[in-house]
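A quick write-up on the structure given underneath.
The values are calculated or read from the model by the stated rules, or taken from the named source; none is laboratory data. This structure is a prediction, so every number in the text was calculated from the model and none was measured. All Cβ positions, even for glycine, are placed from backbone atoms using ideal geometry, and neighbour counts span all protein chains on display. Ligands, DNA and RNA are excluded from the accessible area calculation, which covers all protein heavy atoms including side chains. Shrake-Rupley method; radii C 1.70, N 1.55, O 1.52, S 1.80 Å.
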Amino acid sequence: MRKYLTVFAVDWQNQFIYRLNFVLWRVRNILRLLMTYFLWRGVFNTNVSVFGYSQNQMLTYVFLVLLVQTLVTSAPSSDNIGGEIGNGELSNYLVKPVSYIGYWFTRDLSSKLLNIIFASVELTLLWLVFQPELQIPVHLLAFVVSCILAVFIFYFLNIATRFVSFWTPENTWGLSFLVIILIETLAGGIFPLDILPHWTNVALQFTPFPYLIYYPIAIFLGKITGIYLLRILFQSLLYCAIMYYFAQIIWRRGLKVYASEGR
Amino acid sequence: MGQKNQLWWDLPAIESFILNKEIYEVPDAQYKKTLDELVELLDVKDILKVQVRKLSLGQRMKMELIAALIHSPKILFLDEPTIGLDVVMQKKMRDFIREYNKRFNATVILTSHYMDDVKELCQRVIIIDKGKLIFDGALDEIIKKYADHKLITVVFSKNNVELSDLEKLGEVKSFEPPKAVISVKRASAPRVAARILEDFSVADINLEEPQIEDIIREVFTGKDFA
(Lines give C-alpha, C1' and ligand atoms only; values in the text may rest on other atoms or scores of the structure.)
Protein backbone atom coordinates (compact mmCIF):
# COMPACT_ATOMS: atom_id res chain seq x y z
CA MET A 1 0.00 0.00 0.00
CA ARG A 2 2.79 2.38 0.91
CA LYS A 3 4.36 1.98 -2.50
CA TYR A 4 1.17 3.14 -4.19
CA LEU A 5 0.97 6.13 -1.85
CA THR A 6 4.45 7.06 -3.04
CA VAL A 7 3.37 6.62 -6.67
CA PHE A 8 0.50 8.98 -5.86
CA ALA A 9 2.81 11.52 -4.25
CA VAL A 10 5.34 11.48 -7.08
CA ASP A 11 2.63 11.77 -9.72
CA TRP A 12 1.07 14.62 -7.78
CA GLN A 13 4.33 16.57 -8.00
CA ASN A 14 4.72 15.68 -11.64
CA GLN A 15 1.36 17.21 -12.47
CA PHE A 16 2.54 20.66 -11.55
CA ILE A 17 5.22 20.63 -14.23
CA TYR A 18 2.87 21.11 -17.17
CA ARG A 19 0.81 23.93 -15.74
CA LEU A 20 -0.09 25.56 -19.04
CA ASN A 21 -1.23 22.28 -20.48
CA PHE A 22 -3.38 21.64 -17.44
CA VAL A 23 -4.95 25.09 -17.52
CA LEU A 24 -5.77 24.74 -21.22
CA TRP A 25 -7.34 21.37 -20.55
CA ARG A 26 -9.56 22.92 -17.88
CA VAL A 27 -10.48 25.80 -20.20
CA ARG A 28 -11.60 23.25 -22.80
CA ASN A 29 -13.89 21.63 -20.24
CA ILE A 30 -15.39 24.96 -19.20
CA LEU A 31 -15.99 25.97 -22.81
CA ARG A 32 -17.84 22.74 -23.40
CA LEU A 33 -20.00 23.33 -20.37
CA LEU A 34 -20.78 26.86 -21.56
CA MET A 35 -21.81 25.60 -24.99
CA THR A 36 -24.31 23.07 -23.69
CA TYR A 37 -25.41 25.48 -20.97
CA PHE A 38 -26.40 28.20 -23.44
CA LEU A 39 -27.91 25.68 -25.84
CA TRP A 40 -30.31 24.44 -23.18
CA ARG A 41 -30.96 27.96 -21.90
CA GLY A 42 -32.08 28.85 -25.43
CA VAL A 43 -34.30 25.81 -25.67
CA PHE A 44 -35.97 26.64 -22.35
CA ASN A 45 -36.65 30.22 -23.44
CA THR A 46 -39.69 28.96 -25.31
CA ASN A 47 -40.46 25.79 -23.40
CA VAL A 48 -41.25 25.01 -19.79
CA SER A 49 -40.33 21.36 -20.06
CA VAL A 50 -38.26 19.54 -22.66
CA PHE A 51 -38.07 15.73 -22.94
CA GLY A 52 -39.47 15.55 -19.42
CA TYR A 53 -36.78 17.83 -18.01
CA SER A 54 -37.49 21.11 -16.29
CA GLN A 55 -35.00 23.92 -16.80
CA ASN A 56 -33.55 23.39 -13.32
CA GLN A 57 -33.01 19.72 -13.96
CA MET A 58 -31.39 20.24 -17.33
CA LEU A 59 -29.02 22.95 -16.11
CA THR A 60 -28.12 20.80 -13.12
CA TYR A 61 -27.45 17.98 -15.57
CA VAL A 62 -25.07 20.22 -17.54
CA PHE A 63 -23.22 21.28 -14.40
CA LEU A 64 -22.98 17.73 -13.11
CA VAL A 65 -21.59 16.46 -16.41
CA LEU A 66 -18.52 18.61 -15.82
CA LEU A 67 -18.09 17.17 -12.34
CA VAL A 68 -18.79 13.51 -13.11
CA GLN A 69 -16.95 13.50 -16.42
CA THR A 70 -13.92 15.07 -14.76
CA LEU A 71 -14.00 12.48 -12.00
CA VAL A 72 -14.54 9.47 -14.24
CA THR A 73 -12.53 10.24 -17.36
CA SER A 74 -9.49 12.08 -15.97
CA ALA A 75 -6.97 9.38 -16.71
CA PRO A 76 -3.36 9.94 -17.77
CA SER A 77 -3.23 6.16 -18.15
CA SER A 78 -5.12 6.50 -21.40
CA ASP A 79 -2.37 8.67 -22.90
CA ASN A 80 0.46 6.44 -21.75
CA ILE A 81 -0.37 2.75 -21.60
CA GLY A 82 -0.57 2.21 -25.36
CA GLY A 83 2.76 3.91 -25.93
CA GLU A 84 4.51 2.07 -23.13
CA ILE A 85 3.41 -1.26 -24.51
CA GLY A 86 4.32 -0.30 -28.06
CA ASN A 87 7.82 0.97 -27.33
CA GLY A 88 8.72 -1.63 -24.75
CA GLU A 89 8.82 0.62 -21.71
CA LEU A 90 6.35 -1.76 -20.10
CA SER A 91 9.35 -3.98 -19.28
CA ASN A 92 10.41 -1.38 -16.70
CA TYR A 93 7.32 -2.25 -14.69
CA LEU A 94 7.27 -5.98 -15.34
CA VAL A 95 10.66 -6.46 -13.68
CA LYS A 96 9.56 -4.62 -10.54
CA PRO A 97 7.42 -5.84 -7.67
CA VAL A 98 4.58 -3.51 -8.65
CA SER A 99 1.28 -4.11 -10.42
CA TYR A 100 1.11 -2.24 -13.69
CA ILE A 101 -2.66 -1.99 -13.49
CA GLY A 102 -2.47 -0.75 -9.91
CA TYR A 103 0.31 1.67 -10.74
CA TRP A 104 -1.66 3.46 -13.44
CA PHE A 105 -4.83 3.41 -11.40
CA THR A 106 -2.96 5.23 -8.65
CA ARG A 107 -1.65 7.81 -11.11
CA ASP A 108 -5.16 8.25 -12.47
CA LEU A 109 -6.44 8.87 -8.94
CA SER A 110 -3.85 11.58 -8.43
CA SER A 111 -4.98 13.23 -11.66
CA LYS A 112 -8.64 12.86 -10.66
CA LEU A 113 -8.05 14.56 -7.33
CA LEU A 114 -6.37 17.57 -8.92
CA ASN A 115 -8.99 17.82 -11.66
CA ILE A 116 -11.88 17.51 -9.23
CA ILE A 117 -10.48 20.30 -7.09
CA PHE A 118 -10.33 22.52 -10.17
CA ALA A 119 -13.75 21.41 -11.44
CA SER A 120 -15.31 22.28 -8.05
CA VAL A 121 -13.80 25.75 -8.12
CA GLU A 122 -14.89 26.27 -11.72
CA LEU A 123 -18.45 25.14 -11.00
CA THR A 124 -18.68 27.44 -7.99
CA LEU A 125 -17.48 30.38 -10.07
CA LEU A 126 -19.83 29.56 -12.95
CA TRP A 127 -22.70 29.21 -10.53
CA LEU A 128 -21.90 32.59 -9.00
CA VAL A 129 -21.77 34.17 -12.47
CA PHE A 130 -24.92 32.67 -13.97
CA GLN A 131 -26.88 32.04 -10.78
CA PRO A 132 -28.96 29.24 -12.30
CA GLU A 133 -31.49 27.53 -10.10
CA LEU A 134 -30.19 24.04 -9.56
CA GLN A 135 -31.89 20.93 -8.35
CA ILE A 136 -30.89 19.62 -4.93
CA PRO A 137 -29.69 15.99 -4.86
CA VAL A 138 -32.30 13.32 -4.35
CA HIS A 139 -30.07 10.37 -3.57
CA LEU A 140 -26.72 11.81 -2.62
CA LEU A 141 -25.25 8.61 -1.19
CA ALA A 142 -26.39 6.51 -4.14
CA PHE A 143 -24.96 9.19 -6.43
CA VAL A 144 -21.55 8.95 -4.74
CA VAL A 145 -21.59 5.15 -4.87
CA SER A 146 -22.51 5.11 -8.54
CA CYS A 147 -19.73 7.65 -9.26
CA ILE A 148 -17.15 5.45 -7.56
CA LEU A 149 -18.34 2.41 -9.50
CA ALA A 150 -18.19 4.50 -12.67
CA VAL A 151 -14.52 5.29 -11.96
CA PHE A 152 -13.72 1.57 -11.85
CA ILE A 153 -15.81 0.68 -14.90
CA PHE A 154 -14.14 3.42 -16.89
CA TYR A 155 -10.65 2.42 -15.79
CA PHE A 156 -11.03 -1.24 -16.71
CA LEU A 157 -12.78 -0.42 -19.97
CA ASN A 158 -10.10 2.11 -20.78
CA ILE A 159 -7.07 -0.08 -20.09
CA ALA A 160 -8.68 -3.02 -21.90
CA THR A 161 -8.86 -0.79 -24.97
CA ARG A 162 -5.27 0.37 -24.55
CA PHE A 163 -4.07 -3.22 -24.25
CA VAL A 164 -4.92 -3.61 -27.93
CA SER A 165 -1.40 -2.18 -28.39
CA PHE A 166 -0.05 -5.63 -27.53
CA TRP A 167 -1.24 -6.76 -30.96
CA THR A 168 -0.97 -3.50 -32.89
CA PRO A 169 2.09 -1.71 -31.56
CA GLU A 170 1.44 1.37 -33.68
CA ASN A 171 -0.20 4.30 -31.96
CA THR A 172 -3.85 3.41 -31.52
CA TRP A 173 -5.11 6.92 -32.13
CA GLY A 174 -8.07 5.85 -34.20
CA LEU A 175 -9.23 3.54 -31.49
CA SER A 176 -8.72 6.19 -28.84
CA PHE A 177 -10.93 8.63 -30.70
CA LEU A 178 -13.59 6.01 -31.20
CA VAL A 179 -13.65 5.32 -27.46
CA ILE A 180 -13.72 9.04 -26.61
CA ILE A 181 -16.68 9.67 -28.92
CA LEU A 182 -18.53 6.60 -27.66
CA ILE A 183 -18.01 7.66 -24.08
CA GLU A 184 -19.01 11.27 -24.65
CA THR A 185 -22.24 10.47 -26.45
CA LEU A 186 -23.32 7.04 -25.25
CA ALA A 187 -22.36 7.79 -21.65
CA GLY A 188 -24.49 10.93 -21.61
CA GLY A 189 -21.71 13.52 -21.61
CA ILE A 190 -23.42 15.64 -24.26
CA PHE A 191 -27.12 15.19 -23.51
CA PRO A 192 -29.14 13.05 -21.08
CA LEU A 193 -29.76 9.66 -22.62
CA ASP A 194 -33.48 9.51 -21.80
CA ILE A 195 -34.20 12.10 -24.47
CA LEU A 196 -33.41 9.32 -26.95
CA PRO A 197 -36.15 6.91 -28.02
CA HIS A 198 -37.10 4.54 -25.24
CA TRP A 199 -35.75 1.41 -26.96
CA THR A 200 -32.27 3.01 -27.34
CA ASN A 201 -32.22 3.75 -23.66
CA VAL A 202 -33.18 0.18 -22.81
CA ALA A 203 -30.56 -1.18 -25.19
CA LEU A 204 -27.82 1.08 -23.85
CA GLN A 205 -28.02 -0.39 -20.37
CA PHE A 206 -26.49 -3.55 -21.85
CA THR A 207 -23.36 -1.55 -22.70
CA PRO A 208 -21.01 -0.16 -20.05
CA PHE A 209 -21.35 3.43 -21.27
CA PRO A 210 -24.40 4.92 -19.51
CA TYR A 211 -23.03 3.75 -16.15
CA LEU A 212 -20.16 6.23 -16.54
CA ILE A 213 -22.02 9.55 -16.59
CA TYR A 214 -25.73 9.29 -17.28
CA TYR A 215 -26.90 6.96 -14.50
CA PRO A 216 -24.98 8.72 -11.70
CA ILE A 217 -26.52 12.06 -12.70
CA ALA A 218 -29.99 10.58 -13.20
CA ILE A 219 -29.71 9.20 -9.68
CA PHE A 220 -28.72 12.63 -8.39
CA LEU A 221 -31.72 14.21 -10.13
CA GLY A 222 -34.10 11.62 -8.75
CA LYS A 223 -34.94 10.20 -12.20
CA ILE A 224 -34.00 6.80 -10.91
CA THR A 225 -35.52 5.72 -7.61
CA GLY A 226 -36.70 2.73 -5.60
CA ILE A 227 -36.26 -0.76 -7.09
CA TYR A 228 -35.02 0.76 -10.34
CA LEU A 229 -32.24 2.52 -8.41
CA LEU A 230 -31.17 -0.70 -6.72
CA ARG A 231 -31.20 -2.49 -10.06
CA ILE A 232 -29.00 0.16 -11.69
CA LEU A 233 -26.54 0.08 -8.78
CA PHE A 234 -26.44 -3.71 -8.98
CA GLN A 235 -25.86 -3.56 -12.72
CA SER A 236 -23.05 -1.04 -12.16
CA LEU A 237 -21.41 -3.44 -9.77
CA LEU A 238 -21.86 -6.24 -12.27
CA TYR A 239 -20.23 -4.16 -14.99
CA CYS A 240 -17.38 -3.38 -12.66
CA ALA A 241 -16.73 -7.10 -12.25
CA ILE A 242 -17.20 -7.88 -15.95
CA MET A 243 -14.88 -5.10 -17.07
CA TYR A 244 -12.30 -6.14 -14.47
CA TYR A 245 -12.19 -9.70 -15.75
CA PHE A 246 -12.28 -8.49 -19.33
CA ALA A 247 -9.24 -6.26 -18.73
CA GLN A 248 -7.45 -9.05 -16.85
CA ILE A 249 -7.96 -11.55 -19.66
CA ILE A 250 -6.70 -9.15 -22.30
CA TRP A 251 -3.74 -8.24 -20.10
CA ARG A 252 -2.73 -11.87 -19.63
CA ARG A 253 -3.13 -12.72 -23.27
CA GLY A 254 -1.29 -9.57 -24.24
CA LEU A 255 1.67 -10.40 -22.01
CA LYS A 256 2.05 -13.71 -23.86
CA VAL A 257 2.64 -11.90 -27.15
CA TYR A 258 4.53 -9.00 -25.62
CA ALA A 259 8.07 -8.43 -26.79
CA SER A 260 10.49 -5.56 -26.34
CA GLU A 261 13.44 -6.31 -28.57
CA GLY A 262 16.44 -4.09 -28.19
CA ARG A 263 15.24 -2.47 -25.01
CA MET B 1 16.89 -4.57 -12.24
CA GLY B 2 15.25 -1.79 -14.13
CA GLN B 3 16.12 -0.54 -17.55
CA LYS B 4 17.26 2.72 -18.96
CA ASN B 5 14.61 5.43 -18.98
CA GLN B 6 13.01 4.57 -15.69
CA LEU B 7 13.64 8.03 -14.27
CA TRP B 8 10.79 10.53 -14.19
CA TRP B 9 11.78 12.95 -16.89
CA ASP B 10 10.35 16.10 -15.32
CA LEU B 11 11.33 15.51 -11.70
CA PRO B 12 14.70 15.43 -9.93
CA ALA B 13 16.23 11.96 -9.96
CA ILE B 14 15.93 11.70 -6.18
CA GLU B 15 12.14 11.35 -6.58
CA SER B 16 12.60 8.30 -8.78
CA PHE B 17 14.96 6.82 -6.20
CA ILE B 18 12.39 7.30 -3.46
CA LEU B 19 9.74 5.68 -5.64
CA ASN B 20 11.97 2.70 -6.33
CA LYS B 21 12.83 2.44 -2.64
CA GLU B 22 9.12 2.11 -1.83
CA ILE B 23 8.39 -0.24 -4.72
CA TYR B 24 11.18 -2.59 -3.62
CA GLU B 25 10.30 -2.01 0.03
CA VAL B 26 13.84 -1.09 1.01
CA PRO B 27 14.09 -0.15 4.72
CA ASP B 28 14.96 3.51 5.37
CA ALA B 29 18.36 2.85 6.94
CA GLN B 30 19.49 0.55 4.16
CA TYR B 31 18.21 2.98 1.53
CA LYS B 32 20.17 5.82 3.03
CA LYS B 33 23.34 3.78 3.27
CA THR B 34 23.13 2.45 -0.29
CA LEU B 35 22.23 5.84 -1.72
CA ASP B 36 25.11 7.55 0.08
CA GLU B 37 27.56 4.95 -1.18
CA LEU B 38 26.33 5.13 -4.75
CA VAL B 39 26.24 8.91 -4.75
CA GLU B 40 29.80 8.98 -3.48
CA LEU B 41 31.02 6.35 -5.96
CA LEU B 42 29.48 8.18 -8.90
CA ASP B 43 30.11 11.67 -7.55
CA VAL B 44 26.63 13.05 -8.21
CA LYS B 45 25.82 14.71 -4.91
CA ASP B 46 25.22 18.13 -6.42
CA ILE B 47 22.85 17.02 -9.20
CA LEU B 48 20.48 14.85 -7.17
CA LYS B 49 17.93 17.65 -7.05
CA VAL B 50 18.21 18.74 -10.67
CA GLN B 51 15.36 17.90 -13.03
CA VAL B 52 16.32 14.81 -15.02
CA ARG B 53 15.58 16.56 -18.32
CA LYS B 54 18.32 19.07 -17.54
CA LEU B 55 21.04 16.45 -17.00
CA SER B 56 23.61 15.45 -19.60
CA LEU B 57 23.54 11.94 -21.03
CA GLY B 58 26.42 10.86 -18.82
CA GLN B 59 24.84 12.31 -15.70
CA ARG B 60 21.55 10.70 -16.57
CA MET B 61 23.23 7.35 -17.12
CA LYS B 62 24.68 7.59 -13.62
CA MET B 63 21.26 8.39 -12.21
CA GLU B 64 19.73 5.47 -14.09
CA LEU B 65 22.37 3.25 -12.51
CA ILE B 66 21.53 4.48 -9.02
CA ALA B 67 17.81 3.97 -9.66
CA ALA B 68 18.53 0.44 -10.78
CA LEU B 69 20.82 -0.32 -7.84
CA ILE B 70 18.90 1.24 -4.97
CA HIS B 71 17.54 -2.15 -3.90
CA SER B 72 21.03 -3.72 -4.07
CA PRO B 73 20.33 -6.40 -6.67
CA LYS B 74 22.54 -9.47 -6.46
CA ILE B 75 22.69 -9.80 -10.23
CA LEU B 76 23.18 -6.86 -12.51
CA PHE B 77 22.46 -7.06 -16.23
CA LEU B 78 24.06 -4.17 -18.06
CA ASP B 79 23.32 -3.70 -21.73
CA GLU B 80 25.86 -1.31 -23.22
CA PRO B 81 26.56 0.68 -20.05
CA THR B 82 29.17 2.87 -21.78
CA ILE B 83 27.47 3.50 -25.10
CA GLY B 84 27.52 7.12 -26.21
CA LEU B 85 29.76 8.27 -23.37
CA ASP B 86 32.98 10.20 -23.78
CA VAL B 87 36.26 8.48 -22.92
CA VAL B 88 36.52 10.02 -19.46
CA MET B 89 32.97 9.01 -18.61
CA GLN B 90 33.50 5.53 -20.05
CA LYS B 91 36.44 5.04 -17.73
CA LYS B 92 34.45 6.29 -14.73
CA MET B 93 31.57 4.00 -15.58
CA ARG B 94 33.95 1.06 -15.85
CA ASP B 95 35.60 1.89 -12.55
CA PHE B 96 32.19 2.11 -10.98
CA ILE B 97 31.05 -1.25 -12.28
CA ARG B 98 34.24 -2.90 -11.02
CA GLU B 99 33.91 -1.21 -7.64
CA TYR B 100 30.24 -2.14 -7.32
CA ASN B 101 31.08 -5.74 -8.13
CA LYS B 102 33.62 -5.79 -5.28
CA ARG B 103 31.77 -3.75 -2.70
CA PHE B 104 28.33 -5.29 -3.03
CA ASN B 105 29.57 -8.70 -4.07
CA ALA B 106 27.20 -8.69 -7.01
CA THR B 107 27.34 -10.67 -10.21
CA VAL B 108 27.56 -8.39 -13.21
CA ILE B 109 26.57 -9.59 -16.63
CA LEU B 110 27.27 -7.03 -19.30
CA THR B 111 27.13 -6.76 -23.03
CA SER B 112 29.24 -4.24 -24.83
CA HIS B 113 30.49 -3.18 -28.20
CA TYR B 114 33.62 -1.80 -26.61
CA MET B 115 36.25 -4.42 -26.16
CA ASP B 116 37.90 -2.15 -23.60
CA ASP B 117 34.90 -2.74 -21.35
CA VAL B 118 35.34 -6.46 -21.72
CA LYS B 119 39.09 -6.40 -21.25
CA GLU B 120 38.89 -4.30 -18.13
CA LEU B 121 35.91 -5.80 -16.41
CA CYS B 122 35.30 -9.38 -17.39
CA GLN B 123 36.80 -12.42 -15.81
CA ARG B 124 34.67 -14.71 -17.87
CA VAL B 125 33.68 -14.18 -21.47
CA ILE B 126 30.84 -15.87 -23.25
CA ILE B 127 30.54 -15.49 -26.99
CA ILE B 128 27.18 -16.29 -28.50
CA ASP B 129 26.72 -16.38 -32.24
CA LYS B 130 23.31 -16.95 -33.81
CA GLY B 131 22.04 -18.41 -30.55
CA LYS B 132 24.89 -20.89 -30.24
CA LEU B 133 27.52 -20.77 -27.55
CA ILE B 134 30.88 -20.65 -29.27
CA PHE B 135 33.12 -19.71 -26.41
CA ASP B 136 32.97 -19.71 -22.64
CA GLY B 137 36.06 -19.03 -20.56
CA ALA B 138 38.67 -16.50 -19.55
CA LEU B 139 39.69 -13.76 -21.94
CA ASP B 140 43.32 -15.01 -22.30
CA GLU B 141 41.99 -18.42 -23.24
CA ILE B 142 40.34 -16.98 -26.31
CA ILE B 143 43.69 -15.72 -27.39
CA LYS B 144 45.34 -19.08 -26.76
CA LYS B 145 42.56 -21.02 -28.37
CA TYR B 146 41.97 -18.92 -31.45
CA ALA B 147 45.10 -16.91 -31.95
CA ASP B 148 47.69 -19.38 -33.11
CA HIS B 149 49.58 -16.48 -34.67
CA LYS B 150 51.56 -13.58 -33.35
CA LEU B 151 52.17 -10.24 -34.94
CA ILE B 152 55.67 -8.92 -35.43
CA THR B 153 55.89 -5.21 -36.07
CA VAL B 154 59.25 -4.05 -37.35
CA VAL B 155 60.57 -0.62 -38.13
CA PHE B 156 63.65 -0.86 -40.33
CA SER B 157 66.37 1.72 -40.07
CA LYS B 158 67.35 1.46 -43.76
CA ASN B 159 65.06 1.61 -46.75
CA ASN B 160 66.55 -1.36 -48.57
CA VAL B 161 64.01 -3.99 -47.60
CA GLU B 162 61.95 -5.66 -50.36
CA LEU B 163 58.48 -7.08 -49.89
CA SER B 164 59.66 -10.40 -51.32
CA ASP B 165 62.26 -10.73 -48.56
CA LEU B 166 59.61 -10.41 -45.92
CA GLU B 167 57.17 -12.78 -47.57
CA LYS B 168 59.62 -15.60 -46.98
CA LEU B 169 59.29 -15.05 -43.23
CA GLY B 170 55.52 -15.17 -42.88
CA GLU B 171 52.31 -13.53 -43.99
CA VAL B 172 52.86 -9.82 -44.50
CA LYS B 173 49.86 -7.96 -43.12
CA SER B 174 51.10 -4.53 -44.11
CA PHE B 175 54.25 -3.05 -45.55
CA GLU B 176 54.71 0.70 -45.54
CA PRO B 177 58.45 1.28 -45.50
CA PRO B 178 60.08 1.57 -43.13
CA LYS B 179 57.37 -0.25 -41.18
CA ALA B 180 56.05 -3.77 -41.67
CA VAL B 181 53.65 -6.04 -39.86
CA ILE B 182 54.15 -9.76 -40.28
CA SER B 183 51.98 -12.54 -38.98
CA VAL B 184 53.75 -15.73 -37.97
CA LYS B 185 52.91 -19.00 -36.27
CA ARG B 186 53.05 -18.68 -32.52
CA ALA B 187 55.70 -21.39 -32.16
CA SER B 188 58.02 -19.94 -34.74
CA ALA B 189 57.67 -16.33 -33.62
CA PRO B 190 60.92 -16.14 -31.59
CA ARG B 191 62.90 -17.76 -34.42
CA VAL B 192 61.52 -15.36 -37.04
CA ALA B 193 62.18 -12.40 -34.80
CA ALA B 194 65.78 -13.50 -34.34
CA ARG B 195 66.20 -13.85 -38.09
CA ILE B 196 64.83 -10.38 -38.74
CA LEU B 197 67.27 -8.89 -36.27
CA GLU B 198 70.07 -10.84 -37.91
CA ASP B 199 69.27 -10.12 -41.56
CA PHE B 200 68.13 -6.49 -41.46
CA SER B 201 69.04 -3.36 -39.64
CA VAL B 202 66.19 -2.79 -37.30
CA ALA B 203 65.18 0.41 -35.51
CA ASP B 204 62.37 -1.13 -33.52
CA ILE B 205 60.72 -4.52 -33.21
CA ASN B 206 57.62 -5.52 -31.38
CA LEU B 207 56.06 -8.95 -30.79
CA GLU B 208 52.42 -8.93 -29.84
CA GLU B 209 49.22 -10.89 -29.62
CA PRO B 210 46.62 -10.02 -32.21
CA GLN B 211 44.08 -7.40 -31.10
CA ILE B 212 41.24 -8.92 -29.14
CA GLU B 213 38.83 -7.19 -31.52
CA ASP B 214 40.43 -8.99 -34.45
CA ILE B 215 40.19 -12.34 -32.74
CA ILE B 216 36.55 -11.90 -31.88
CA ARG B 217 35.76 -10.69 -35.37
CA GLU B 218 37.43 -13.77 -36.78
CA VAL B 219 35.61 -16.02 -34.35
CA PHE B 220 32.35 -14.62 -35.69
CA THR B 221 33.23 -14.72 -39.36
CA GLY B 222 34.63 -18.20 -38.86
CA LYS B 223 37.85 -17.46 -40.69
CA ASP B 224 41.37 -18.13 -39.63
CA PHE B 225 42.97 -14.94 -38.55
CA ALA B 226 46.05 -13.07 -37.51
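Candidate cross-link partners of residue B:158 among the lysines, defined by an alpha-carbon separation under 18 Å and a same-chain spacing of 8 or more, comprise B:179.
Straight Cα distances below 19 angstrom link residue A:256 to the lysines A:96, with same-chain residues fewer than 8 positions distant left out.
Applying 1/(1 + (r/R0)^6) with r as the Cβ-Cβ distance of residue A:116 and residue A:249 and R0 = 30 angstrom yields a FRET efficiency of 0.45.
Any idea of the accessible area per residue across the protein assembly as shown, 1.4 Å probe, to the nearest Å²?
Details: 25350 Å² over 489 residues.
That works out to 52 Å² for each residue.
Considering only A:185, A:207, A:60, the Gaussian network model of chain A with Cα springs below 10 Å gives its largest mean-square fluctuation to A:207. Using a simple spin-label model with pseudo-atoms 7 Å out from Cα toward Cβ, residue B:107 and residue A:238 lie 5.3 nm apart. Across the protein assembly as shown, the fraction of Cα-Cα pairs farther apart than 37 Å, rounded to a whole number, is 51%. Each listed q (0.15, 0.19 Å⁻¹) maps to a log10 I(q)/I(0) for segment B:148-219 from the Debye sum over equal C-alpha point scatterers, namely -0.46, -0.71. In segment B:13-122 the Cα-Cα distances spread across 5 Å bins starting at 0 as 2, 12, 23, 24, 21, 12, 5, 1 percent of all pairs.
Given a cut-off of 19 Å, name the pairs among B:21/B:74; B:145/B:185; B:102/B:132; B:130/B:185 whose C-alpha atoms lie farther apart than that in the structure shown.
Working: B:21/B:74 16 Å; B:145/B:185 13 Å; B:102/B:132 30 Å; B:130/B:185 30 Å.
In this structure, B:102/B:132; B:130/B:185 exceed 19 Å between Cα atoms.
The GNM of chain A, with springs linking C-alpha atoms under 10 angstrom apart, assigns the highest mean-square fluctuation among A:70, A:106, A:46 to A:46.
Set the Förster radius R0 to 22 Å, insert the Cβ-Cβ distance between residue A:185 and residue A:231 as r into 1/(1 + (r/R0)^6), and round the FRET efficiency to 0.05. Show your work: numbers first, answer last.
Working: r = 24 Å, r/R0 = 1.07.
E(calc), rounded to 0.05, equals 0.40.
Taking the Cα centre of segment B:67-194 as origin and assigning +1 to Lys and Arg Cβ atoms and -1 to Asp and Glu Cβ atoms, the resulting dipole is close to 420 debye. Per residue, the convex hull spanned by the Cα atoms of segment A:1-160 amounts to 142 cubic angstrom. Would you please calculate the Kirkwood hydrodynamic radius of chain B over all C-alpha pairs and express it in Å, rounded to one decimal? Evaluated over chain B, this radius sits at 21.0 Å. Under 5 Å from the amide H of residue B:77 lie the amide H atoms of B:109, each residue being 5 or more positions distant or on a separate chain, with H modelled from the backbone and absent for Pro and chain starts. Residues of segment A:10-25 whose accessible area (probe 1.4 Å, heavy atoms of protein chains only) drops by at least 20 Å² once all protein chains are present, relative to their chain alone: A:10, A:13, A:14, A:17, A:18. Taking B:48, B:163, B:207 as the candidate residues, the one with maximal mean-square fluctuation in a Gaussian network model of chain B, Cα springs under 10 Å, is B:163. The sum of -39500 (n - 2.57) across all DSSP H runs of n ≥ 4, divided by the residue count of chain B, sets its helix-only mean residue ellipticity at 222 nm to -13000 deg cm²/dmol. Approximating the spin labels as points 7 Å out from Cα along Cα→Cβ, the residue A:131-to-residue A:196 distance works out to 3.8 nm. So how tilted is helix B:189-199 from the main axis of chain B? Cα-based, degrees 0 to 90, rounded to 10. So the helix axis and the longest Cα principal axis differ by about 50 degrees. Here the extension length gained between residue B:218 and residue B:83 equals 46.3 nm, from 0.36 nm per residue of separation less the Cα-Cα distance. Using alpha carbons only, how many angstrom separate the centre of segment A:146-183 from the centre of segment A:188-226? Centre-to-centre (Cα) distance: 20 Å. Atom-type composition of the exposed protein surface of the protein assembly as shown places 61 percent of the accessible area on carbon and sulfur (1.4 angstrom probe). For residue A:141 and residue A:24, a Förster radius of 35 Å and the Cβ-Cβ distance give a FRET efficiency of 0.50, rounded to the nearest 0.05.
May I ask for the accessible area buried between chains A and B, both sides summed, probe 1.4 Å, to the nearest 100 Å²?
1900 Å²
Look at where the Cα atoms of segment B:52-89 and of segment B:149-226 average out, and the two centres are 41 Å apart.
Think of segment B:13-122 as a dipole: +1 on every Lys or Arg Cβ, -1 on every Asp or Glu Cβ, centred on the Cα centre; then among B:16, B:39, B:73, B:39 lies furthest on the positive end. Hey, if you put +1 on the Cβ of every Lys and Arg and -1 on every Asp and Glu Cβ in the protein assembly as shown, which of B:112, B:126, A:250 ends up farthest toward the positive end of that dipole? Comparing the listed Cα positions along the dipole, A:250 ranks first. Between residue B:164 and residue B:9, the distance separating the two model label sites (each 7 Å from Cα on the Cα→Cβ line) works out to 6.8 nm. Calculated [222 nm] ellipticity per residue, helices only, for chain A: -24500 deg cm²/dmol; basis is -39500 (n - 2.57) per DSSP H run with n ≥ 4, divided by all residues, nearest 500. Each residue of segment A:209-226 was assigned a 3J(HN,Hα) from its phi angle through the Karplus curve 6.51 cos²θ - 1.76 cosθ + 1.60 (θ = phi - 60°); the sequence is 5, x, 6, 7, 10, 5, 4, x, 6, 4, 5, 4, 7, x, 6, 10, 9, x Hz, with glycine and proline shown as x.
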